[in-house]
Amino acid sequence: MGQVAWKALFLSLFDYKTEKYVIAKNKKVGVLYRVVQLSILAYLVGWVFVVKKGYQDTDTSLQSSVITKLKGVAFTNTSELGERLWDVADYVIPPQGESVFFVMTNLIVTPNQRQATCPESSSIPDALCEEDTDCQEGKAVVAGNGVKTGRCLKDRGSTRGTCEVLAWCPVEKRSKPKKPLLGSAENFTVYIKNSVRFPKFKFSKMNVLATNNESYLKSCRYSQEHHPYCPIFVLGDIVRWAGGNFQEMALQGGVIGIQIEWNCDLDKAPSECNPHYSFSRLDNKSAESSISSGYNFRFAKYYRDAEGVDYRTLIKAYGIRFDVMVNGKAGKFNIIPTIINISSGLALMGAGAFFCDLVLLYLIKKSNFYRGKKYEEVKSSSRKSLSSPTLNGNQSPDQLDGL
């Protein structure tokens, strides 16, 4: 018996098995099957190949460089600085023209500061005192400008005063102009030169329009409707496109994001690969965060008098920081992703047929009838049953072997 069993197993390796198809004359399931097929086909063609370009190989490792250059002058007349003309060397920080640059629009100037002893600002809570013991000598004023000397300075007839500090004196002023001193910066322009490269496809592009007209960059201004390929932007327009008001932002400062998006279909001509700009305000300006809203920092300009003593002019600068952010991807036809996506679509077709089988065999009223037609059970419990002239009442073993 063992040899016979092993022989039968060996011979079965050379049997050819094929599927049996049952045509179910059921219109509801047939309509469902066609709807599923059309849905999968629409997804494959419309979404995968047309929208997502599944036939392309993509490169998202974008290499980018950004160079910025501002233009514009402003005139101010203040008690601290007198009449003064401001150009790009004064209000642009840093001056190198990087992808992140700051335009000063408002400032508080404290001129002629020298290292000496003077009263700390009365607006600082840790500097308030009633007697000398409140001003511990050698202790730095919390959020202040210097180190306490141990003396409490009071006005005549006052019970409270401020601690004397060793600092750059006089200490910084706390009052801010009610209008931005450089409000005319709204009309300043910035030239944003962006070069990108997709290393996988060895493709490079720049956001400057290729033209032989030398006066083009001197006269054009970016406009999505009229000049979409002009790289020169008006600062007031950028803030407005970001949903802000330039004069309000110039008073307290803020942060604006300039997004440059490159989505290039390299199956088309290189001239079809163009940048798309979007603008947004990045700092959180709301009623709840109004105390900490805005953007500012301090810097000083140092000098030395005839006696060799250093002094400085302290400037607390308010303004708008612009962050230029570049991202994108490029795609080009490749046979490998095409085959992979087509194979995935065919697999989905099989999944659709499997779903319709479930409906046909388990969810409709005549499911038992269709199950009986799709699946045949052959029982062979003994040699005697196999040698019987018929099987299942209408087929012989020889007939089964021939199927």
Accessible area in the full protein assembly, largest first, 1.4 Å probe, for 130, 19: 19, 130
Using θ = phi - 60° and the Karplus form 6.51 cos²θ - 1.76 cosθ + 1.60, what ³J(HN,Hα) does each residue of the range 23-39 get, whole Hz, x for Gly and Pro? 8, 8, 7, 10, 5, 5, 5, x, 5, 4, 5, 5, 5, 5, 4, 5, 5
Cysteines, the chain, no other Cys beta-carbon under 4.7 Å: 356
Positive dipole terminus of the chain, leading residue within 327, 159, 213 (C-beta point charges): 327
Mean Cβ neighbour count within 10 Å, used as a protection proxy, ranking 171-179, 211-219 highest first: 171-179, 211-219
Give me the 1.4 Å probe accessible area per residue for the chain, excluding ligands and nucleic acids, in Å². 64 Å²
Is there a quick way to get the dipole size of the range 158-272? I mean about its Cα centre, with the Cβ of Lys and Arg at +1 and of Asp and Glu at -1; what is the value in debye to the nearest 20? 360 debye
Using a Gaussian network model of the chain with C-alpha springs under 10 Å, which one of 372, 254, 183 is most mobile by mean-square fluctuation? 372
Signed unit charges on C-beta, dipole axis of the chain, positive-most listed residue 270, 121, 93: 270
Amide H within-cut-off set for residue 86, under 5 Å, with H built and near neighbours excluded: 74, 75, 76
Counting only protein heavy atoms and leaving out ligands, DNA and RNA, the solvent-accessible surface of residue 226 at a 1.4 Å probe, in Å² to the nearest 10, equals 140 Å²
Sequence of 90, 132 when ordered by accessible area, the most exposed leading, probe 1.4 angstrom: 132, 90
Residues in the range 337-363 reached by a label modelled at residue 200 [backbone nitrogen below 19 Å; 7 Å Cα→Cβ]: 337-344
Counting every Cα pair in the range 24-132, what percent are over 25 Å apart? 67 percent
Heavy atoms of the protein only, probe of 1.4 Å, neighbouring chains included. What is the accessible area of residue 51 in Å², nearest 10? 80 Å²
Semi-axis lengths, Å, the chain, gyration tensor of Cα atoms, sqrt of 5 times eigenvalues: 81, 32, 20
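The values are calculated or read from the model by the stated rules, or taken from the named source; none is laboratory data. Note that this is a predicted model, so its numbers are computed, not measured. No Cβ is skipped: glycine too gets one built from the backbone with ideal geometry, and neighbour counts run over all protein chains shown. In case anyone asks, the SASA skips ligands and DNA or RNA and just uses the protein heavy atoms, side chains included. Shrake-Rupley method; radii C 1.70, N 1.55, O 1.52, S 1.80 Å.
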